[in-house]
Amino acid sequence: MNLYDIRRERLQELLDTDPRFGGKSARLAAALGRQSSYLYRLLKAKGKERKNLGEGLAREFEAKLSLPYGWFDQGNATQHVREVPAGYSADLSTELAQRWVPLLTWDAVTQIDQDALPKATQEQVEWLACPAECSVHAFSLRHVGDAMMPDYRDAELLFVDPAVVSRHGDDVVVTVGDLTMFKRLHITPEGKFLLTLNPAFPDRVMRLPEDAVLHGTVVGSWTPRRQR
């Protein structure tokens, strides 16, 4: 069993036994400042959809849940907690601030881990200044097409933050099956739906599937107004 497996087991233990959450994944996700779909990827997803609980994310979760430093790295409850490094300060990395964020391709969105960019992505990525306050997990994408007209234009830069919980009316980046898309989220008594804004498009409304992966909320956008 590797360290990622240990952290995954500890997270499941927390969900199952901590009275604050009572086995309710939505409660734990809210306490961590994440979507329930992201928690599912940490705990249950298989293959390429699975996310690992990396070093930075483990320390962030410990700080948010008032757990001792290194709690997630213990193989069982009888082991000693890791010694806190000198000068350590819990960095709640969902704190909002002005930041530089990576410009990703749409294919790279499904590969990104909130704890770190894939190595290949780090070497090739372009960094942009986010026009809105965002967390360290934010990234940007270049919108393609006119499906979200008139609110968004082709080639407009989208700034997406996985740490911002999506609400009714927010614009989101989501993967359904093998397709990653940009839509407006509608939450109604009948369920959650994804909306295409352009009225010229057919079948503009689709129900959000249970196994959809929500990658983040659009917190800002930018359109170049001058040709180079």
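The numbers here are math on the coordinates, done by the rules we state, and not lab data. The structure displayed is predicted, hence computed values, not measured ones. In this analysis, Cβ positions are derived from the backbone assuming ideal geometry, glycine residues included, and neighbour counts consider all displayed protein chains.
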Final fewest-first order of W222, W100 on the 10 Å Cβ neighbour count is W100, W222
Per-residue HN-Hα couplings for the range 159-174 [Karplus 6.51, -1.76, 1.60; θ = phi - 60°; Hz; x = Gly/Pro]:
10, 10, 10, x, 7, 8, 5, 6, 10, 4, x, 6, 9, 9, 10, 9
Give me, ordered by chain and number, the residues 5 or more places off D171 or on other chains with an amide H under 5 Å from its own placed amide H.
L185, V218
Euclidean distance between Cα centres, the range 24-63 to the range 155-228, Å:
21 Å
Among F201, F139, which comes first, then next, by fewest other beta-carbon atoms within 10 Å?
F201, F139
